[in-house]
1. For residues that are under 16 Å from the mean Cα position of the chain (by Cα) and either crowded, with 20+ Cβ neighbours inside 10 Å or of a type in the set (Lys, Arg) (or both), tally how many sit in the stretch 354-375.
2. Looking at the stretch 171-181, can you tell me whether even one residue there is within 16 Å of the ligand (Cβ to nearest atom), surrounded by fewer than 17 Cβ atoms within 10 Å (Cβ to Cβ) and in the same structural domain as Glu210 (by TED's automatic domain parsing)?
3. On the basis of being among the β-branched types (Val, Ile, Thr), farther than 22 Å from Tyr95 by Cα, in the same structural domain as Ala245 (by TED's automatic domain parsing) and not in a loop (DSSP other than H, G, I, E, B), does Ile261 make the cut?
4. If I ask for residues that are assigned to a loop (DSSP other than H, G, I, E, B) and surrounded by 20 or more Cβ atoms within 10 Å (Cβ to Cβ), which ones from the stretch 120-150 would you list?
5. Just give me the residues in the stretch 327-372 being assigned to a helix (DSSP H, G or I) and over 25 Å from Gly229 (Cβ atoms), in sequence order.
6. Being in the same structural domain as Lys153 (by TED's automatic domain parsing), β-branched (Val, Ile, Thr) and within 16 Å of the ligand (Cβ to nearest atom), is that true of even one residue in the stretch 192-205?
7. Checking Pro321 against (1) within 16 Å of the ligand (Cβ to nearest atom); (2) under 22 Å from Asp33 (Cβ atoms), only one condition comes out false. Which one?
8. Would a scan of the stretch 127-146 turn up a residue that is within 16 Å of the ligand (Cβ to nearest atom) and either modelled with pLDDT of 95 or more or assigned by TED's automatic domain parsing to the domain that holds Phe340 (or both)?
Amino acid sequence: MRTFFFLVLLLPTLVLSEDNLVIVISMDGLRHDYPEISTSGGFEFIKKNGLEADSLIPVYQSTTYPAHVSMATGVHPNKHGILHNSFFDKERGHYSYSPESDWIDVRPVWTILEEEGIKTATYFWVGSETDWNGIQITYSKFPFSSRVSETTKINQIIEWLELPNEERPQLIMTWWHGVDSVAHKLGSSKEIVKKQLLKQDKHLLDLIKEIEDRSLWDEVTLIVVSDHGMTDISNLINVKEILDAHSIEAILSLGPSIGHIFLKNLEETELAINVLEKNELLKVLKKTKVPDYLNHPKRTGDIVITTKSPNMLVKKVYSHPPLGMHGYDPAINEEMKGIFFAYGRGVKKKKLKQVDQVDITPTILNLLGLEVPDYMDGEALLLD
Ligand SMILES: [Zn+2]
């Protein structure tokens, strides 16, 4: 009896075209329903011709630094370690809006691509200002300045697009102002953010037209996202005051919705929990009871407190407290949900329901023909 073995070798086929290019624009603080305000700009163009998701679920806590690093790593903050715009690390000390990318525990997407020989570019993206573990980004504009206009960024993007193939970046990621500042200051209603939203929408249309003028839409995929949504707040919870009243000494690492309390004296753990629990707006967790998604080996406090909007954790008295805020758990505060739009190469006209912020990196890798590593929390979105 003879047995025949047919051995079929399937070699992995990476389709790495030097023409494919992905642009990711992140608009700060654009809540999922804000694009409805405008009917004549870039959002309307993409709604008519491209892909729109009902909403994007941000990571928790839904603040700018954790969100941008999650969009660039494909993992949640407990894994990449950037828990908020500022936080405390038991070994390294305080982090505050740092440009040092070695605070990030998981490799950013541009390092994955650069190691594959694919050039990348950022025009303001958290974590891209310095080398990550010695891996350098080809083109990066920094230091961050909120005074740089979107027009300047668009001009640079076009300059990058017009480079000869061997010099052209295949991933461009850029932060735009969105509506964050005005909403923090004056509130989150559509009427309040309208003027600023219309400006951003116009810039988006300008970029779309510039790419159209150069007949590059069969090479370029544009993804427009936001880091988080926005809600109104009306109650500040002064955590320092609560602990001071009982002479409990601690380092407070607070975001609007999650607070990490590093006690000076661990014997005061039960006392601190008791006094914090007296405030019914706080959820209080001992470190050993903290769920995985809030747990980082060096950056999670001995006690973790959480709250939802319209409350905000603070450690000082504000003379002019913000009226709009974000940072809350999107599973509890729906207003935290952001936007996701896509247009161009590899994108069909369609609608998606909800997408996750951690899906952005897998989607970029997929569009550029690279495999998505198993450790990532997100998955590549089907855009076509
Ligand atoms: Zn903000």
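The values are calculated or read from the model by the stated rules, or taken from the named source; none is laboratory data. Please read these numbers as outputs of a predicted model, since none were measured by experiment. Reconstructed Cβ throughout: ideal geometry from the backbone, glycine too, with neighbour counts over all protein chains shown.
1. 10
2. First, the residues of the stretch 171-181 that are within 16 Å of the ligand (Cβ to nearest atom): 175-181.
The next check asks that each one be surrounded by fewer than 17 Cβ atoms within 10 Å (Cβ to Cβ); those that pass are 181.
Next, from what is left, pick out any that are in the same structural domain as Glu210 (by TED's automatic domain parsing): 181.
There is at least one residue in the stretch 171-181 that is within 16 Å of the ligand (Cβ to nearest atom), surrounded by fewer than 17 Cβ atoms within 10 Å (Cβ to Cβ) and in the same structural domain as Glu210 (by TED's automatic domain parsing).
3. Values: among the β-branched types (Val, Ile, Thr): yes; farther than 22 Å from Tyr95 by Cα: no; in the same structural domain as Ala245 (by TED's automatic domain parsing): yes; not in a loop (DSSP other than H, G, I, E, B): yes.
The answer is no for Ile261.
4. Phe124, Trp125, Val126, Gly127, Ser128, Ile137
5. At the first step, the residues of the stretch 327-372 found to be assigned to a helix (DSSP H, G or I) are 334-336, 357-367.
Listed by number, the residues that qualify are Leu365, Asn366, Leu367.
6. First pass over the stretch 192-205, keeping only residues in the same structural domain as Lys153 (by TED's automatic domain parsing): 192-205.
Still in the running and β-branched (Val, Ile, Thr): 192-193.
Those still in the list that are within 16 Å of the ligand (Cβ to nearest atom) too: 192-193.
The answer is yes; a qualifying residue exists.
7. (2)
8. In the first step, residues of the stretch 127-146 are kept if they are within 16 Å of the ligand (Cβ to nearest atom); the result is 144, 146.
Subset that is either modelled with pLDDT of 95 or more or assigned by TED's automatic domain parsing to the domain that holds Phe340 (or both): 144, 146.
Yes, some residue in the stretch 127-146 is within 16 Å of the ligand (Cβ to nearest atom) and either modelled with pLDDT of 95 or more or assigned by TED's automatic domain parsing to the domain that holds Phe340 (or both).
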